[in-house]
């Protein structure tokens, strides 16, 4: 099939999922995106062009004709990291997936993909979605498959799990899961991609101080200037170590809050391993007190470039915004290689037989 497969990306973020679809080399082309965050919307526009609606999805009056709808309604209401939200804001986020279904009803695509945190698939809202798939006259035309996918199984050098729901109109079933390309469950037997595979060629001592774009390359390998105490803490933690190694090696540098808390997460102030996939890259990866974000060897947190590579973004992908805005886009993104595997699976089920 050589025809263009038109996609709409809802809650698009920087466009990690769209980039994966575009890289699938099967004719996917984003014709519209909806993203409320202005910096992320600018990133999407720079990399893909097309129509980008910057603002709430509720304000989109009409969606264009398209073959596939993709996207991830905001997940903080379901995520363990969103448990402290008030009931009103949680309800607003958890109902945004219904706006996604509004687009499905209007466009009637051949296929649609919903991406979210794994917890969404154990929620009352997801149970309602499954009920609608069996009771709504239009949605009854779609077969569907769903489950939690591990990004490392698809070549991403990162341990990251996402809940994926794929629906295809006019077929009897959607096989599940998409075939793994890496790891013990893959037909190829290829090992997982590691931190070393992703970032070993980058300088141990970054020099860039600001995000810049010279028309050919963006330097996200940003230099940091840690306080002397922070540097001493980093130096006390070996590869794969964490705050408990700090307590053992340099108890004099242990913050009082950690001194009193003898148990808890082993990722705080943790150092990555060279020869494993990284932990999940979140939006504050530049803060080692938030997780296992220290470089495997250098005495510093990972840089924006390293985080983007661990998410499987190519270096030529350009991010718009401040350092904090770009970090948020990187941490919130669907890893493009995971998106590519989903795109290829959708193509096999929905289009290859046409």
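The values are calculated or read from the model by the stated rules, or taken from the named source; none is laboratory data. From a predicted model like this one, the values you see are computed outputs, not experimental measurements. Quick reminder, even Gly has a Cβ in these numbers, built from the backbone with ideal geometry, and neighbours come from all protein chains shown.
Laid out as a table, the results:
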item: Cross-chain or 6+ apart pairs with Cβ under 7 Å, region 100-111 first and more than 19 Å from residue 171 (Cα to Cα), then at pLDDT below 95 and surrounded by 14 or more Cβ atoms within 10 Å (Cβ to Cβ); result: 100/73
item: When residues of region 117-135 are limited to those that are modelled with pLDDT of 95 or more and out of contact with any helix residue (DSSP H, G or I) (no Cβ under 8 Å at 6 or more places or on another chain), the one nearest to residue 68 (Cα to Cα); result: 130
item: Qualifying residues in region 1-15 (those that are closer than 14 Å to residue 69 by Cα and touching a helix residue (DSSP H, G or I) at 6+ places or on another chain (Cβ under 9 Å)) - the one surrounded by the most Cβ atoms within 10 Å (Cβ to Cβ); result: 15
item: Unmet requirement for residue 147, which otherwise passes all of (1) modelled with pLDDT under 95; (2) surrounded by 12 or more Cβ atoms within 10 Å (Cβ to Cβ); result: (1)
item: Failed item in (1) over 30 Å from residue 154 (Cβ atoms); (2) touching a helix residue (DSSP H, G or I) at 6+ places or on another chain (Cβ under 6 Å), with residue 235 passing the rest; result: (2)
item: Qualifying positions in region 296-318 - touching a helix residue (DSSP H, G or I) at 6+ places or on another chain (Cβ under 7 Å) and farther than 16 Å from residue 284 by Cα; result: 296, 299, 312, 313, 317, 318
item: Residue match in region 256-264 (condition: surrounded by 13 or more Cβ atoms within 10 Å (Cβ to Cβ) and within 31 Å of the chain's Cα centre (by Cα)); result: yes
item: Residue list for region 192-213, restricted to those being touching a helix residue (DSSP H, G or I) at 6+ places or on another chain (Cβ under 9 Å), part of a loop (DSSP other than H, G, I, E, B) and surrounded by 10 or more Cβ atoms within 10 Å (Cβ to Cβ); result: 192, 193, 202, 206, 211
item: Qualifying residue in region 170-179 (condition: surrounded by fewer than 17 Cβ atoms within 10 Å (Cβ to Cβ), within 20 Å of the chain's Cα centre (by Cα), within 19 Å of residue 21 (Cβ to Cβ) and at pLDDT 95 or above); result: yes
item: Members of region 38-86 that are under 17 Å from the mean Cα position of the chain (by Cα), modelled with pLDDT of 95 or more and surrounded by fewer than 21 Cβ atoms within 10 Å (Cβ to Cβ); result: 39, 47
item: Breaking point among (1) surrounded by 21 or more Cβ atoms within 10 Å (Cβ to Cβ); (2) within 20 Å of residue 280 (Cβ to Cβ), for residue 324; result: (1)
item: Residue list for region 217-241, filter: within 25 Å of the chain's Cα centre (by Cα) and under 30 Å from residue 318 (Cβ atoms); result: 217, 218, 219, 220, 221, 222, 223, 224
item: Residues satisfying the stated conditions in region 12-31, i.e. closer than 26 Å to residue 281 by Cα and either under 12 Å from the mean Cα position of the chain (by Cα) or at pLDDT below 95 (or both); result: 12, 13, 14, 15, 16, 17, 18, 19, 20
item: Hey, residue 152 assigned to a helix (DSSP H, G or I), in contact with a strand residue (DSSP E or B) (Cβ under 7 Å, 6 or more places away or on another chain), in contact (Cβ under 8 Å) with a residue 24 or more places away in the chain and closer than 21 Å to residue 344 by Cβ or not; result: yes
